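Enquirer: Quick one: the structure is below, questions incoming.
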Amino acid sequence: MKRIYSDIINKHLANFQQMIFLSGGRQVGKTTIANKLQDAEYLNWDNIVHRKKMLTLLEELDNLKYSTQLKSQNIIIFDEFHKFKNWKNYIKGFYDTYKADYHIILTGSARLNIYRKGGDSLMGRYFNYTVHPLSLGEILRPNTCSGDVQPPISSNNNEYEVLYKFGGYPDPFIKQQEEFHLMWQNLRFQQLFREDIRDIEDIKLLGQLETLAYILQQQSGSLLKYAGLANKVQVSSVTLKKWIKLLESFYYCFTLKPYSKNVTKSLIKEPKIYLYDWSVIEDPGSRFENFIASHLLKSVDLWNETGKGKYELYYIRTKDQKEVDFLVTKNSQPWILVEAKLSNGSISKNLINFKSKLNATHAFQVVHDLEYVDKSCFDEYNPIIIPARTFLSQLV
């Protein structure tokens with residue numbers, strides 16, 4: 001299936017000289033996207049033959065020789081190269097030597113843009129693009145468009161229902177089989193912890209890290225209480241915070257900070273936790289909230305990474321329990337407030353109050369069980385109730 005990232009990469013190759021860092025979770029589709037590029041030499045660090053070729057290229061670089069090991073392709077893809085201990089030093093040298101001759105693409109299942117195992121800084125030498133799981137907008141409109149939000153588009157083949165049930169990773173979404181989905185989830189979990197994390201991080205208590213990952217499946221959308229979680233997992237709070245960051249770096253989960261500007265100071269300060277694979281969440285309300293959070297995060301990342309502006313995603317909650325699930329800011333100004341609801345009902349008073357207090361442009365109560373309406377949500381400036389099918393189709 002066509003992914004929006006193919007357009008993004010091709011536009012980058014046509015306009016920029018910087019390396020492409022294509023980061024994202026295991027089995028999210030990075031390798032498939034990269035392999036669809038024409039005139040590309042693909043080298044995977046996990047493949048022994050490819051690894052030898054990579055090391056040969058680096059040896060030639062050390063000897064200041066022009067590479068004779070490459071084919072006539074003008075794109076080189078280094079997949080999972082961050083697993084090489086000194087990858088940042090080597091890739092910097094390779095780029096500085098060959099940038100006039102080759103486009104260089106690095107892909108990896110750890111966050112290449114923040115991974116700090118290497119040495120020299122790569123500042124100014126790359127642009128990072130984060131590959132997220134499939135979203136409704138990408139499925140219905142797999143091409144890049146101008147602007148941030150798009151006109152609504154209807155889902156004619158149950159894409160919304162399939163996406164909500166099977167998650168946004170391409171294999172289970174395409175298969176649409178419950179048995180395959182469960183097998184895939186188990187295998188991905190094992191590979192993530194027993195291969196990816198084990199190979200890169202020195203984690204002696206791997207079983208307890210896995211326990212933390214399972215607990216987070218039950219706490220999606222909740223405040224991240226470090227002390228309580230540390231007691232459950234039987235590690236220190238310092239270790240637990242390190243592990244949360246580790247799981248974020250491997251795209252297992254993500255956290256949202258509370259918005260504090262122009263809001264009463266009596267704010268809850270803990271982040272909220274969500275998963276990239278909402279299909280593992282059993283509670284319907286938590287799953288839907290995570291579903292919306294994942295779509296918003298993907299849009300925010302893509303808008304930022306493709307130069308649409310400066311966007312950030314927050315939640316709002318005060319100590320007196322006044323809350324709104326999500327706030328998207330645009331160029332540091334409140335833009336979209338979102339409250340996620342499974343069923344239709346009266347509009348949230350907190351949504352109305354915070355829209356007024358923050359002067360946000362839009363305030364949406366996004367409802368799971370409402371049918372698609374062919375009308376743009378973003379034509380409305382008063383707080384409104386809208387179908388999730390309509391709202392999500394207007395994001396990327």
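The values are calculated or read from the model by the stated rules, or taken from the named source; none is laboratory data. Source: prediction; values computed, not measured. Reconstructed Cβ throughout: ideal geometry from the backbone, glycine too, with neighbour counts over all protein chains shown.
Enquirer: Could you grab me the full set of residues in the stretch 182-193 that are surrounded by 17 or more Cβ atoms within 10 Å (Cβ to Cβ) and either part of a loop (DSSP other than H, G, I, E, B) or out of contact with any Pro (no Cβ under 9 Å at 6 or more places or on another chain) (or both)?
Expert: R188, F189, L192, F193
Here is a yes/no grid of residues against (1) assigned to a loop (DSSP other than H, G, I, E, B); (2) at pLDDT below 95; (3) touching a Leu at 6+ places or on another chain (Cβ under 9 Å); (4) closer than 30 Å to K357 by Cβ:
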site	(1), (2), (3), (4)
E195	no, yes, no, no
G207	no, yes, no, no
A230	no, no, yes, no
S260	yes, yes, yes, yes
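Enquirer: Could you tell me whether any residue of the stretch 335-348 is in contact with a Cys (Cβ under 8 Å, 6 or more places away or on another chain) and in a strand (DSSP E or B)?
Expert: No; the residues of the stretch 335-348 include none that is in contact with a Cys (Cβ under 8 Å, 6 or more places away or on another chain) and in a strand (DSSP E or B).
Enquirer: Just give me the residues in the stretch 76-91 being in contact with an Asp or Glu (Cβ under 6 Å, 6 or more places away or on another chain) and modelled with pLDDT of 90 or more, in sequence order.
Expert: I76
Enquirer: May I pose another question? When you go through (1) among the aliphatic types (A, V, I, L, M); (2) buried (at least 17 other Cβ atoms within 10 Å of the Cβ); (3) assigned to a helix (DSSP H, G or I); (4) at pLDDT 95 or above one by one for L134, which number turns out not to apply?
Expert: The single condition L134 does not satisfy is (3).
Enquirer: N186: closer than 30 Å to S279 by Cβ and not charged (D, E, K, R), yes or no?
Expert: In short, yes.
Enquirer: Same structure, new question: Identify all residues within the stretch 216-226 that are surrounded by 13 or more Cβ atoms within 10 Å (Cβ to Cβ) and assigned to a helix (DSSP H, G or I); write none if there are none.
Expert: L216, Q217, Y226
Enquirer: Looking at Y164, Y129, which one is assigned to a strand (DSSP E or B) and within 17 Å of the chain's Cα centre (by Cα)?
Expert: Criteria check complete, one pass: Y129.
Enquirer: Just one of the numbered conditions (1) outside the structural domain of G25 (by TED's automatic domain parsing); (2) under 30 Å from I76 (Cβ atoms) is not true of E159; which one?
Expert: So E159 meets the others, but not (2).
Enquirer: Can you tell me which of (1) more than 25 Å from D301 (Cα to Cα); (2) loosely packed, with under 15 Cβ neighbours inside 10 Å; (3) of a type in the set (D, E) is the one E161 doesn't meet?
Expert: The single condition E161 does not satisfy is (1).
Enquirer: Among all residue pairs at least 6 apart or on different chains, which show Cβ distances below 6 Å where the first residue, located in the stretch 179-190, is modelled with pLDDT of 95 or more and the second is assigned to a helix (DSSP H, G or I) and hydrophobic (A, V, I, L, M, F, W, C)?
Expert: Hits for this filter: H181/F166.
Enquirer: Do we have any residue at all in the stretch 61-74 that's at pLDDT below 90, crowded, with 18+ Cβ neighbours inside 10 Å and in contact with a strand residue (DSSP E or B) (Cβ under 9 Å, 6 or more places away or on another chain)?
Expert: No: the stretch 61-74 contains no residue that is at pLDDT below 90, crowded, with 18+ Cβ neighbours inside 10 Å and in contact with a strand residue (DSSP E or B) (Cβ under 9 Å, 6 or more places away or on another chain).
Enquirer: Could you list, in sequence order, the residues of the stretch 227-261 that are surrounded by fewer than 19 Cβ atoms within 10 Å (Cβ to Cβ) and in contact with a Lys or Arg (Cβ under 7 Å, 6 or more places away or on another chain)?
Expert: T255
Enquirer: Now, a different point. Looking only at the stretch 325-335, how many residues end up being closer than 12 Å to Y259 by Cβ and buried (at least 17 other Cβ atoms within 10 Å of the Cβ)?
Expert: Adding up the residues that qualify gives 7.
Enquirer: Could I ask something else about it? Condition first: polar (S, T, N, Q), in the same structural domain as S222 (by TED's automatic domain parsing) and over 26 Å from the mean Cα position of the chain (by Cα). Can you find one or more residues in the stretch 324-340 that meet it?
Expert: Looking through the stretch 324-340, none of the residues is polar (S, T, N, Q), in the same structural domain as S222 (by TED's automatic domain parsing) and over 26 Å from the mean Cα position of the chain (by Cα).
Enquirer: Select, from S286, S279, the only residue that is modelled with pLDDT of 95 or more and either over 18 Å from the mean Cα position of the chain (by Cα) or not assigned by TED's automatic domain parsing to the domain that holds L342 (or both).
Expert: Just one listed residue meets the conditions, S286.
Enquirer: Can you pull out every residue in the stretch 13-36 that is in contact with a strand residue (DSSP E or B) (Cβ under 9 Å, 6 or more places away or on another chain) and either surrounded by fewer than 19 Cβ atoms within 10 Å (Cβ to Cβ) or assigned by TED's automatic domain parsing to the domain that holds F250 (or both)?
Expert: L13, F16, Q17, Q18, T31, N35
Enquirer: What's the number of the condition F250 fails, among (1) at pLDDT below 95; (2) more than 22 Å from P172 (Cα to Cα)?
Expert: Of everything listed in (1) at pLDDT below 95; (2) more than 22 Å from P172 (Cα to Cα), F250 misses just condition (2).
Enquirer: Got at least one residue in the stretch 360-368 being under 19 Å from the mean Cα position of the chain (by Cα), aromatic (F, W, Y), assigned by TED's automatic domain parsing to the domain that holds Y251 and buried (at least 20 other Cβ atoms within 10 Å of the Cβ)?
Expert: No: the stretch 360-368 contains no residue that is under 19 Å from the mean Cα position of the chain (by Cα), aromatic (F, W, Y), assigned by TED's automatic domain parsing to the domain that holds Y251 and buried (at least 20 other Cβ atoms within 10 Å of the Cβ).
Enquirer: Return the residues of the stretch 297-324 that are assigned to a helix (DSSP H, G or I) and either crowded, with 23+ Cβ neighbours inside 10 Å or of a type in the set (V, I, T) (or both); say none if nothing qualifies.
Expert: K298, S299, V300, L302
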